[in-house]
Amino acid sequence: ITLGTIPMRMGAKKAIAAGAAILLVLPVLSDFVQWSLWRQGLQQQADSAAVHGARALRSGDPAGPAVRAQLVGWRFADPPLIEQPPRDGAFAGRPDAVRVSLTASRAPFFHSLLFGASRMRARATAAVLAYRSGATRVVRVE
């Protein structure tokens, strides 16, 4: 009895090719989802910090301490940049507006094997436009 090559049916070849394609796509997809979630979290932090800074300005307090208090516990690649008033954009020069720029360095697993960590940035601008009887409406631009 000799064991030679066993001819594969066409369906089996397609199944193996499909399985290999899935194994190649999964790491890329996994890193993309992880990167997107990190980016969304960083943007939410920038939004929240800008809103807290704008509310502090409206109360007559400086924006910097309110922004920094909101960002305690987060690690950033660079120190947060707080502009009050913003230098450019829709609220440029307005003393009641705050812009917060954040930079983080993240490395999804498979991406880090090839390229190392990558930087992501988020920026948010907020100003209090209406304030009456304790109700605050804050507008975010960017």
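Top to bottom by accessible area (1.4 Å), largest first, where do Leu129, Leu71, Leu37 land?
Leu37, Leu129, Leu71
Taking H as built 1.01 Å from N, whose amide H comes closer than 5 Å to the amide H of Ala107, not counting residues under 5 places away?
Ser118
Modelling each spin label as a point 7 Å along the Cα-to-Cβ direction, I'd like the Ser105/Leu26 distance in nm, to one decimal.
3.1 nm
Got a sec to turn the phi values of the range 70-85 into Karplus ³J(HN,Hα) couplings, 6.51 cos²θ - 1.76 cosθ + 1.60 with θ = phi - 60°, whole Hz, x for Gly and Pro?
Each residue's phi maps through the Karplus curve to give 5, 9, 4, x, 9, 9, 10, 5, 10, x, x, 9, 10, 10, 9, x Hz.
Could you order the peptides 44-56, 93-105 from most to least packed, using the average number of other C-beta atoms within 10 Å per residue?
Final packing ranking: 44-56, 93-105.
Which value, in Å² rounded to 10, gives the accessible area of Leu81 with a 1.4 Å probe and all protein chains present?
Ignoring ligands and nucleic acids, Leu81 comes out at about 80 Å².
Using a Förster radius of 22 Å, what is the FRET efficiency between Ile16 and Ser36 based on their Cβ-Cβ separation? Nearest 0.05, please.
Efficiency at R0 = 22 Å is approximately 0.10.
The values are calculated or read from the model by the stated rules, or taken from the named source; none is laboratory data. What you are looking at is a predicted structure, and each value in this text was computed from that prediction instead of being measured. We place every Cβ from the backbone using ideal geometry, glycine too, and count neighbours over all the protein chains shown. Heavy atoms of the whole protein, side chains included, go into the accessibility calculation; ligands, DNA and RNA do not. Shrake-Rupley method; radii C 1.70, N 1.55, O 1.52, S 1.80 Å.
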